[in-house]
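To start, the structure under review is shown below, and the notes come after it.
Bear in mind that the values in this text are calculations on the coordinates, not laboratory data. Predicted, not measured: the structure shown is a model, and the values here were computed from it. Here Cβ is always computed from backbone atoms with ideal geometry, including for glycine, and neighbour counts include all displayed protein chains.
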Amino acid sequence: MLALVLVALLVTELTAADWRQFRGNLSSSVAAGEKPPVTWGETENIAWKIPLAGRGLSGPIVVTDRVYLTSSDGFNQDRLLVECFDVKTGVRRWRRSFQATGRTQCHSKMANATPTPASDGKRIFAFYSSNDLVCLDLDGNLLWYRGLTHDYPNASNSLGMASSPVVIGDTVIVQVESQSDSFAMGLDVRDGTTRWHRKQHRFDNWSSPIELPGKDPAKSLVLLQNMVGLTALEARTGTEAWHYDEPSSRTPSSVVADGIVFIPSNGLTALRPAADGKQAPEIAWKDNRFGSGTPSPLVYRGRVFTMSGPIVKCSDAANGKLIWQLRLKGAFTSSPVAANGHLYYFSETGLTYVVDASGPKGKIVSENPLGATILCTPAIADNSIFVRSHGHLWKISR
Amino acid sequence: MTGNNLALRLAASLSILLLTAPPSLTAAEPDELISTIKSVDKKARGNPAAARAVAELSAAEPAVLLTVLTAFGDANPLAANYLRSVTETIVDRAIAGKKKLPRKLLEAFIVDRKHDPQARRLAFEILARVDASIVDRLIPGMLTDPSPLFRRDAVARLIELAERLNKEGQADLAGTLYKRALRGATDDDQVKAIAKPLRKMGEKLDLPRHFGFLTQWHIVGPFDNTLNKGFNVAYPPEKKIDLKEKLTGKLGPASWKLYKTSNDFGILDIAKQISPYKGAVMYCTTVFEAQAPRSIQFRLGTPNAWKLWVNGRQVFANEEYHRGMKLDQYSVPVTLRAGSNTILLKICQNEQEEDWAQRYQFQVRTCNVSGIAVHSSDNSASLPRLKETQP
């Protein structure tokens, strides 16, 4: 027993620096304790650059000493790929391919591999626009495969889907919403069986579900944001806990910080959930100046950062008071990430702005080119940034 | 090495061991394991047993590969992905361990067109990892292969060669190669790359026939689709098709009229050829003649919401507006009966006012599962007969 406890403790410590899903372990986009570089170029602070086998807007995730990434390939984007790379060397450890079982059509800017995969530390959950959900162990052995289009043949969007799965406890949750049909589903991580599913409103939606941690982990909630608001469900059962019924954005996703839910709704709305987790939350503050484009809002060191077009706005997370705003250049699809006092904004042209997160005014610390189209949200782990284009995966590291 | 690092490495090793420990082996035969894998279904029934079978079968020697690949033939799409994973795991381990793969058997499997196209392609990719020469050896012979991926590769090689010859002034030879490439091309990018130079050379091409587009339709409407409510209203054509019947539509009397398209990609543009109706439902019908009962695919592209009936049975519907239009956007498998088959298409336009939300059009083609055109056996039969038919 002692040995098992020791192993559990050590594994917990070992995986503390994981980046296990879209915008990190708690969907916060923040990598606590990490110190990635603030400058890089084609020959500076690039630990490795690896060619990829397919396209993707999905971000990399990092579990222990490995990077996992999904891609899609083929004229019809129907070849689904999951690749695993060594964090230190970039050497590919394995690659698995699958044949899509759902519709693969996407806008030319998108890819079937747009959702970022997720992990519970033991398994990888790769999800695609075609509603294929693949579960592999960390060594690439297939554990189970679900083709959710079989159950919901009309849940698709001809522009492509983007919502990333989230793992809460032993449930992996997907949110699939389109004009023609919509659903959310919680599946048992062990065998892919359906724990719960519910019909959702039929509106296009590309935002991703997030976790609202409960005092009792078994009671953690999953938050589903869409055009009609935000719904909190018990992650394990799908039972509705509460609902916020103001229209919300359909692309940027909400974020939770210090128990407050920041929703891209009416600009930005800060919700304080009730202590019992069941009553409707109260609105702490809201401000229509802090709308978000595609990048999701980010809360870091007591400040909330939103981005609309190339404009970054920084406000006090406690009350919404505007602190500064800063104009960057270009278009941004990637959500920003934060570490060691800095914010990282990857533009679509691959130019990355590193911004000082804590100063009295918005300040660009550096501008760093990668020379490729960057549409994914990067991962931070091993004091490094992992980012992909359609053609390559980089490790940016000192 | 610090004590902490040592502890972390120990923990990593222990955790990986715990996570990758093989299930208890029962030494089941490959056929038995494959049968277990094939039992997975869309509700995840059979997943745990299939995962155990995958683990056990993945540990087998490369000699089992042909058995696994052959099993794709009658596996459902989910089970085929389990078998794919087994195949790749065995191959990865064999290559890493410098074990021999059954190359001759794999090559024979690839060229045998009766096997599952996905399994053949997977076998091809496996062989290409250890023998790059198979690309040049096999792909040229795959111009009319049932596998669209093999055909695409074969067409691409011919296009590349034809382009080079054309630039070098050998137009006659280039033209011959382009025409040969067209025989296998079913993807629109390749067809466009072939048609443009061929037409410059003076060739007359019937691309609608090449793709199998339905180019003549009787159309009636508009019926009301205000607030998108008409999508689920069964207007008279859904109950009975009588091309002589006078109907009442959204704007008054409505009657069936014949419309044709000569667009290369079979697009019948309601907004341009009829009227840019908003909040409208249009019904379109045609007849497809089949010499014998057979399975085909209806492949449809449209930026509008739609429903499709074949011989009175609704085969699919999709209520999506203005999210793009693409060749083969939707693929609907249909079983036709011998003789006349009545096709009814309901196309709905919403009331959005944005510039990008004004298209009101569709394209429908009939093909086999591989994308190769299947034509109505009566070339004139795409003209609906002027008689009452039950949809």
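Between residue B:227 and residue B:370, the modelled label-to-label distance comes to 5.1 nm, taking each label 7 Å out from Cα in the direction of the beta carbon. Share of pairwise Cα-Cα distances greater than 27 Å in chain A is 45 percent (whole percent). For peptide B:41-48, the mean count of partner chain Cβ atoms within 10 Å of a residue's Cβ comes to 5. Per-residue Cβ neighbour counts within 10 Å put B:87, B:67 in the sequence B:67, B:87, beginning with the fewest. Where the centroid of each part is defined by its Cα atoms, how far is region A:79-131 from region B:154-211 in Å? Computed from Cα coordinates, the inter-centre distance equals 35 Å. Calculation over all alpha carbon pairs of chain B in 10 angstrom steps from 0 returns a P(r) of 4, 18, 21, 20, 18, 12, 5, 1, 0 percent. When the alpha-carbon atoms of region B:18-131 are used, the pair Rg, Dmax equals 13.8, 43 angstrom. Considering only A:83, A:282, A:234, the mean-square fluctuation computed in a Gaussian network model of chain A, springs between alpha carbons under 10 angstrom, is largest for A:282. Taking Lys and Arg as +1 and Asp and Glu as -1, the other residues whose beta-carbon sits under 14 Å from that of residue B:222 total +3.
Note on residue B:173 and residue B:292: their simple-model spin labels are 4.3 nm apart, each label 7 Å out from Cα toward Cβ. Counting neighbouring Cβ atoms within 10 Å and putting the fewest first, the residues A:91, B:130 line up as A:91, B:130. Note on the protein assembly as shown: Rg/Rh from Cα positions, Kirkwood definition for Rh, rounded to two decimals, is 0.98. Computed from backbone phi, the HN-Hα couplings of region A:128-136 come to 10, 4, 7, 6, 7, 10, 10, 10, 10 Hz, rounded to whole numbers (Karplus: 6.51 cos²θ - 1.76 cosθ + 1.60, θ = phi - 60°; Gly and Pro given as x).
With the Cα gyration tensor of region A:292-376 giving a ≥ b ≥ c as the square roots of its eigenvalues, does the rule (a/c under 1.5 for rounded; else a/b larger than b/c for prolate; else oblate) give rounded, prolate or oblate? It is prolate, given that a/c is not under 1.5 and a/b is the larger ratio. Spin-label model, residue B:45/residue B:201: points 7 Å from Cα along the beta carbon direction are separated by 5.7 nm. For the peptide B:314-322, the mean number of other protein chain Cβ atoms found within 10 angstrom of a residue's Cβ is 4. Counting only other chain Cβ atoms within 10 Å of each residue's Cβ, the peptide A:72-81 averages 2.
Computed from the alpha carbon atoms alone, the convex hull of region A:177-314 holds 115 Å³ per residue. Working ranking of peptides B:95-104, B:191-200, A:140-149, A:320-329 by packing, defined as the average number of other Cβ atoms within 10 Å per residue, highest first, is A:140-149, B:191-200, A:320-329, B:95-104.
The distance separating the Cα centre of region B:340-378 from that of region A:311-373 comes to 46 Å. Protection proxy ranking of A:381-391, B:217-227, by the mean of other Cβ atoms within 10 Å over each peptide's residues and highest first, is A:381-391, B:217-227.
For region B:180-293, the mean projected area of the C-alpha convex hull, equal to one quarter of the hull surface, is 10.2 nm².
Mind telling me which of A:117, A:36, A:60 comes out most flexible in a GNM of chain A, alpha-carbon contacts under 10 Å? The residue with the greatest mean-square fluctuation here is A:36.
Its Cα centre serving as origin, the protein assembly as shown has a Cβ charge dipole (Lys and Arg +1, Asp and Glu -1) of approximately 1200 debye.
One decimal place: the segment residue A:44-residue A:288 gains 83.8 nm when fully extended, by the rule 0.36 nm per residue minus the C-alpha distance. Three semi-axes describe the equivalent ellipsoid of region B:88-188; taken as square roots of 5 times the Cα gyration tensor eigenvalues and ordered largest first, they are 31, 15, 10 Å.
Could you tell me the center-to-center distance, by alpha carbons, between region A:229-256 and region A:57-75 in angstrom? Using only Cα atoms, the two centres lie 27 Å from each other. Solvent-free Debye calculation, one equal scatterer per alpha-carbon of region A:1-158: log10 I(q)/I(0) at 0.14 Å⁻¹ equals -0.77. Under 19 Å from a label point set 7 Å out along the Cα-to-Cβ vector of residue B:160, the amide N atoms of region B:102-132 belong to B:124-132. Taking amide hydrogens as placed 1.01 Å from N in the peptide plane, the amide H of residue B:298 sits under 5 Å from those of B:332, B:334, each at least 5 positions away in sequence or on another chain. Where in region B:194-233 does the amide nitrogen come within less than 12 Å of the point 7 Å from the Cα of residue B:259, taken along Cα to Cβ? Once the point is set 7 Å along Cα→Cβ of residue B:259, B:216-223 turn out to lie under 12 Å by backbone N, inside region B:194-233.
With all projection directions averaged, the alpha carbon convex hull of region B:211-367 covers 8.5 nm².
Value of Rg to Rh for region B:148-205, rounded to two decimals, is 0.94; Kirkwood radius and Rg both from alpha-carbon coordinates. Going from the fewest other Cβ atoms within 10 Å to the most, the residues A:345, A:152, B:259 appear in the order B:259, A:152, A:345.
Which residues among region B:145-161 fall inside the zone where the amide N is under 20 Å from a point 7 Å beyond the Cα of residue B:192, along Cα→Cβ? Under cut-off, by backbone N: B:149, B:152-161.
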